[in-house]
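Undergrad: One structure coming up, written as structure tokens, with questions to follow.
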Amino acid sequence: MAADERHPMRIMTRRAAGLAGAGWDDEARVAVEANFDDLAAAWHSRVTPERNAVVADALQRGVAGSPGGVVAEVGSGIGTYSPLLAARWDCVVAFDLSLEMLRHSPPAPGHRVQADASRLPLADGAAAAVVLINMLLFPDEVDRVLAPEGLVVWVNSSGEQTPIHLPPDEVAEVLPGEWEGVRSRAGIGLWCVLRRTQA
Ligand SMILES: C[S@@+](CC[C@H](N)C(=O)[O-])C[C@H]1O[C@@H](n2cnc3c(N)ncnc32)[C@H](O)[C@@H]1O
């Protein structure tokens with residue numbers, strides 16, 4: 001097994017997506033929350049022009065124009081990418097499990113909400129897009145909150161080396177229904193933007 005596959009967050013990624021082990025439970029949630037609470041104060045040191053460029057590329061080439069509506073930025077961290085999302089959607093709702101990450105985020109743009117991505121405080125079909133940047137994928141919950149024509153934006157800033165990584169094919173496979181879209185690479189990052197073709 002490659003070292004990346006043994007990374008605790010890679011294991012959590014596969015558990016959250018229903019691809020391995022015990023799935024997502026209270027023990028997993030507490031461990032992940034504590035991990036990111038500890039990392040929050042120094043998270044700004046991971047902000048680089050290269051990582052920003054991966055997200056910008058996904059939005060530029062994967063999302064046509066400015067779709068508007070509500071974008072759910074799930075696992076928003078310290079809010080690094082919220083301004084890029086606010087330029088395309090009318091309302092950014094940024095969810096994170098870690099209160100410390102939210103405390104280190106700027107007050108705007110975006111409404112910041114502490115929530116577990118496995119049960120988001122959003123109505124069915126409320127999101128024009130769900131954006132997951134280096135964030136665990138909870139397939140059923142993404143499917144629930146996404147509007148019928150909505151987009152899933154998946155970004156791994158360091159490609160296959162990202163601890164929270166799934167290949168785009170696997171993202172499309174674990175989401176309920178049929179999906180199609182665009183996938184590409186930018187620098188060392190990878191991304192895909194998917195839309196349902198069939199529920
Ligand atoms: C690797 S960081 C990425 C943060 C940001 N998107 C970035 O790329 O800089 C993952 C983020 O997801 C959050 N997270 C992890 N599991 C979560 C969950 N179940 N629900 C909501 N947020 C979660 C963490 O607290 C952390 O802020």
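Undergrad: Considering Val174, Val193, Val130, which residue is modelled with pLDDT of 95 or more, within 15 Å of the chain's Cα centre (by Cα) and over 22 Å from Arg15 (Cβ atoms)?
TA: Val193
Undergrad: Got a number for residues in region 44-62 being buried (at least 16 other Cβ atoms within 10 Å of the Cβ) and closer than 22 Å to Val113 by Cβ?
TA: Qualifying residue count, region 44-62: 2.
Undergrad: Here are some conditions: (1) within 9 Å of the ligand (Cβ to nearest atom); (2) open to solvent by less than 30 Å² (accessible area, probe 1.4 Å). Ser82 meets all but one. Which one does it not meet?
TA: The one condition Ser82 does not meet is (1).
Undergrad: Tally up the residues in region 130-170 that are within 18 Å of Val47 (Cβ to Cβ), open to solvent by 10 Å² or more (accessible area, probe 1.4 Å) and outside any loop (DSSP other than H, G, I, E, B), please.
TA: So the answer is 2.
Undergrad: Follow-up. When you check Gly77 against the structure, is it farther than 16 Å from Ala117 by Cβ and open to solvent by less than 30 Å² (accessible area, probe 1.4 Å), yes or no?
TA: For Gly77, the condition - farther than 16 Å from Ala117 by Cβ and open to solvent by less than 30 Å² (accessible area, probe 1.4 Å) - is not met.
Undergrad: Scanning region 22-63 for residues that are within 28 Å of Leu194 (Cα to Cα) and β-branched (Val, Ile, Thr), which turns out farthest from the ligand (Cβ to nearest atom)?
TA: Val63
Undergrad: Of the conditions (1) of a type outside the set (Asp, Glu); (2) over 16 Å from Pro109 (Cβ atoms); (3) open to solvent by 20 Å² or more (accessible area, probe 1.4 Å); (4) modelled with pLDDT of 95 or more, Gly65 fails just one. Which one is it?
TA: (4)
Undergrad: Considering only residues of region 2-28 that are among the small types (Gly, Ala, Ser), part of a helix (DSSP H, G or I) and within 17 Å of Leu97 (Cα to Cα), which is nearest to the chain's Cα centre (by Cα)?
TA: Checked region 2-28; the qualifying residue nearest to the chain's Cα centre (by Cα) is Ala16.
Undergrad: Give me the pairs, please: first residue somewhere in region 184-196 and in contact (Cβ under 8 Å) with a residue 24 or more places away in the chain, second residue anywhere and among the aromatic types (Phe, Trp, Tyr), beta-carbon distance under 7 Å, and either six or more positions apart or on two chains.
TA: Here the result reads Ser184/Trp191; Trp191/Trp154; Cys192/Trp154; Leu194/Trp179; Arg195/Trp179; Arg196/Trp179, each pair linking region 184-196 to a residue that is among the aromatic types (Phe, Trp, Tyr).
The values are calculated or read from the model by the stated rules, or taken from the named source; none is laboratory data. It should be emphasised that the depicted structure is a prediction, and the values quoted were computed from it without experimental measurement. Note: ideal-geometry Cβ built from the backbone for every residue, glycine included; neighbour counts use all protein chains shown. Side chains are part of the model used for accessible areas, which takes the heavy atoms of the whole protein and leaves out ligands, DNA and RNA. Shrake-Rupley method; radii C 1.70, N 1.55, O 1.52, S 1.80 Å.
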